[in-house]
Amino acid sequence: MALSEQFLEEDIHPIDIVEHLAEHHDWEFDRMGDDQIAMAVEGQWRTYSLTLAWSGYDETLRMVCTFEMEPPEDKLPGLYELINRMNDQCWAGAFTYWPEQKLMVYRYGLLQAGGQMAGPEQIDTMINAAVLSAERYYPAMQLLVWGGRTPEEAMQVAIAEAYGRA
């Protein structure tokens with residue numbers, strides 16, 4: 001049965017759909033409120049923390065996928081250059097680094113203006129795309145920060161798409 005067949009009713013809250021997807025994929029999750037959910041998704045390189053939040057004000061489903069990263073201060077300029085290169089290749093979503101929290105972040109906002117509602121396949125694809133993007137660029141970040149590579153050299157490992165399951 002397709003994921004969407006389980007949601008035939010009108011006006012299902014997007015966070016309810018995310019919760020169902022987390023149960024379907026056996027992801028650990030915590031429903032933090034009516035409009036927010038946090039979950040852990042296991043990747044090949046590490047476990048990623050994902051938070052999805054619904055904003056009724058601007059009709060946006062926001063997703064933040066994070067993992068801890070503690071680069072030395074002297075590596076930050078190269079990391080920021082690498083992030084720019086990574087974002088040049090990302091058509092949906094973008095990476096950033098939050099130095100205060102020591103988190104690498106991939107974020108995406110799914111606009112649903114005019115009362116549109118995303119279906120489970122669309123939300124599942126959004127989550128999987130975030131994890132696959134993090135998986136694709138994780139080795140490049142490690143090479144730059146800990147392997148002494150330049151941003152250009154580090155990007156060479158991310159040229160090919162990552163394949164696998166999130």
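Can you find a residue in the range 50-59 that is touching a Pro at 6+ places or on another chain (Cβ under 9 Å), open to solvent by 60 Å² or more (accessible area, probe 1.4 Å) and modelled with pLDDT under 95?
Step one: filter the range 50-59 for residues touching a Pro at 6+ places or on another chain (Cβ under 9 Å), giving 52, 54.
Restricting the remaining residues to those that are open to solvent by 60 Å² or more (accessible area, probe 1.4 Å) gives none.
Within the range 50-59, not a single residue is touching a Pro at 6+ places or on another chain (Cβ under 9 Å), open to solvent by 60 Å² or more (accessible area, probe 1.4 Å) and modelled with pLDDT under 95.
Out of 18, 64, 105, 41, report the one residue that is within 17 Å of residue 139 (Cα to Cα) and either of a type outside the set (Asp, Glu) or out of contact with any Gly (no Cβ under 7 Å at 6 or more places or on another chain) (or both).
Checking each option against the conditions leaves just 105.
Take the residues in the range 9-32 that are closer than 15 Å to residue 122 by Cα and in a loop (DSSP other than H, G, I, E, B); name whichever of them is modelled with the highest pLDDT.
Across the range 9-32, the extreme among qualifying residues is 13.
Among the residues of the range 130-144, is there at least one that is within 18 Å of residue 18 (Cα to Cα), within 18 Å of the chain's Cα centre (by Cα) and open to solvent by less than 40 Å² (accessible area, probe 1.4 Å)?
The answer is yes, given that some residue of the range 130-144 is within 18 Å of residue 18 (Cα to Cα), within 18 Å of the chain's Cα centre (by Cα) and open to solvent by less than 40 Å² (accessible area, probe 1.4 Å).
State all residues of the range 60-74 that are crowded, with 16+ Cβ neighbours inside 10 Å and farther than 21 Å from residue 131 by Cβ; if no residue qualifies, say none.
71
Only one of these is under 30 Å from residue 154 (Cβ atoms), in contact with a Lys or Arg (Cβ under 7 Å, 6 or more places away or on another chain) and at pLDDT 95 or above: 63, 39. Name it.
Working: 39 fails: in contact with a Lys or Arg (Cβ under 7 Å, 6 or more places away or on another chain).
That would be 63, the only listed residue that is under 30 Å from residue 154 (Cβ atoms), in contact with a Lys or Arg (Cβ under 7 Å, 6 or more places away or on another chain) and at pLDDT 95 or above.
Take the range 105-116 and flag every residue that is outside any helix (DSSP H, G or I) and either open to solvent by less than 80 Å² (accessible area, probe 1.4 Å) or charged (D, E, K, R) (or both).
Across the range 105-116, the qualifying residues are 105, 106, 107, 108, 109, 110, 112.
The values are calculated or read from the model by the stated rules, or taken from the named source; none is laboratory data. These figures come from a predicted structure and were not determined experimentally. Cβ sites come from the backbone with ideal geometry, for glycine too, and all protein chains shown count toward neighbours. Just so you know, the surface numbers come from the protein's heavy atoms only, side chains and all, with ligands and any DNA or RNA stripped out. Shrake-Rupley method; radii C 1.70, N 1.55, O 1.52, S 1.80 Å.
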